[in-house]
Amino acid sequence: MTCRDALEFLDDYLEGTLPLGQSLAFNVHLGLCRACRNYLDSYRKTIAASKAACTQTATQDKLPEELIQAILSAKRDEAPNN
Amino acid sequence: MEEALSTDESMLVTALRAGEPSAFERLVREHGGRLLAVAERLLANREDAREALQDALLAAFRSIKSFDGRARLTTWLHRIVINAALMKRRSKRRHPEQQIEELLPAFLADGHQAGPVSRWNDSGAELSQRNEMQQIVREKIDGLPESYRIVLMLRDIEEIDTETVAEMLELTPGAVKVRLHRARQALRTLLDPVFGKGSQ
């Protein structure tokens with residue numbers, strides 16, 4: 001297995017869906033290749049960092065009152081009986 | 001696995017179905033903030049996100065009778081705001097997209113990586129908890145080509161499964177997987193100068 005092959009299989013490896021034979025070959029390659037070990041580690045951290053960066057905003061946002069009023073007004077305009 | 005509807009959610013759904021005047025306002029106040037954050041993440045534009053949120057909440061109210069209660073209300077609303085954001089995204093004029101190839105790893109003819117790969121600091125996880133670092137990561141995500149950024153957001157951040165993302169974006173599941181992989185690789189390249197200070 002080359003580095004090119006190993007990097008193609010990263011997602012399947014992380015999801016545990018890599019077939020056994022390829023998984024074994026992947027692990028052998030990792031044992032021999034520092035560049036791919038570093039790459040796998042940084043790839044994992046990339047996913048974790050993006051989750052941490054984006055989910056933080058989801059919990060801190062409160063809807064501004066003027067936006068609430070705009071949405072309520074839009075609903076009144078759309079369906080006066082509701 | 002979907003979770004059962006909570007008592008509060010069940011009461012809100014009942015009130016919405018009955019057309020109680022205060023129910024829609026409660027829906028907006030209780031769920032609007034979280035849904036706006038989702039729209040902002042997907043659209044990376046505050047004004048477009050506000051319009052998508054309004055479209056989503058009005059659509060949710062109109063279709064509340066089709067909500068069958070098997071999923072949580074928050075899950076149902078999450079899906080609606082994503083669809084509204086994607087509709088908004090489609091309606092915008094597309095700009096020529098930046099190529100992603102230059103952000104992907106390079107290989108030699110024999111298949112080995114073309115250059116050394118720096119080892120990222122172990123403190124990267126701690127750093128990514130800091131506000132200023134999270135802002136940098138968000139800016140790097142926004143720097144991805146749009147057709148890759150949207151897949152990364154839907155799969156990794158909104159945690160929508162591959163098949164559903166494929167339907168939403170009118171792609172094959174295989175194409176979604178390829179785009180996600182390339183998006184993660186490109187983001188890794190963009191973050192390398194930030195986290196990868198200890199080169200081997």
Inset, instruction - Quantify how strongly other chains surround peptide B:134-142 by giving the mean number of their Cβ atoms within 10 Å of each of its Cβ atoms. - result: 4
Inset, instruction - Could you list, by residue number, the cysteines of the protein assembly as shown that have no other cysteine's beta carbon within less than 4.7 Å of their beta carbon? - result: A:Cys3, A:Cys54
Inset, instruction - With springs connecting C-alpha atoms under 10 Å apart, model chain B as a Gaussian network and identify which of B:Leu187, B:Leu53, B:Leu171 has the largest mean-square fluctuation. - result: B:Leu171
Inset, instruction - Binning at 5 Å from 0, report for the protein assembly as shown what percent of all alpha-carbon pair distances ends up in each bin. - result: 1, 5, 11, 14, 16, 14, 12, 9, 7, 5, 3, 2, 1, 0, 0
Inset, instruction - Report, to two decimal places, the Cα Rg of chain B normalised by 2.2 N^0.38 Å (N = number of residues). - result: 1.22
Legend entry - Stokes-Einstein D (µm²/s) once Rh is taken as the Kirkwood radius of the stretch B:101-199 over alpha-carbon pairs, at 10 °C in 1.306 mPa s: 107
Inset, instruction - Working from Cα positions, state the angle (0 to 90°, nearest 10) between the long axis of helix B:46-62 and the longest principal axis of chain B. - result: 40
Inset, instruction - Show that you can apply the helix-only estimate: for chain B, add -39,500 (n - 2.57) for every DSSP H stretch of four or more residues, divide by all residues, and state [θ] at 222 nm to the nearest 500. - result: -20000 deg cm²/dmol
Legend entry - Relative packing of peptides B:16-28, B:72-84 - highest average C-beta neighbours within 10 Å first: B:72-84, B:16-28
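Please compare each pair in A:Lys62/B:Lys140; A:Lys45/B:Lys140; A:Lys45/B:Lys92 to a cut-off of 22 Å on the Cα-Cα distance and tell me which ones are over it.
Beyond 22 Å: A:Lys62/B:Lys140; A:Lys45/B:Lys92.
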Legend entry - Nearest-20 debye value, the stretch B:20-83 charge dipole, Cβ charges on Lys, Arg, Asp, Glu: 260
Inset, instruction - Compute the long axis of helix B:173-195 from its Cα atoms, compare it with the longest principal axis of the Cα atoms of chain B, and write down the angle in degrees, 0 to 90, nearest 10. - result: 60
Legend entry - Crossing angle, helix B:73-91 versus chain B [Cα axis fit, 0-90 degrees, rounded to tens]: 60
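Relative contact order for the stretch B:101-199: what percent, with Cα pairs under 8 Å and sequence separation of 6 or more?
43
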Inset, instruction - Taking just the C-alpha trace of the stretch B:7-91, give me its Rg and Dmax in Å. - result: 12.5, 38
Inset, instruction - State the Cα centre-to-centre distance between the stretch B:4-67 and the stretch B:159-200 in whole Å. - result: 29
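Read-outs: derived from the displayed coordinates by stated rules, not from any lab. In this text the structure is predicted, and so the values were computed from the model without any measurement. Methodologically, a virtual Cβ is constructed for each residue, glycine included, from the backbone with ideal geometry; neighbour enumeration extends over all protein chains shown.
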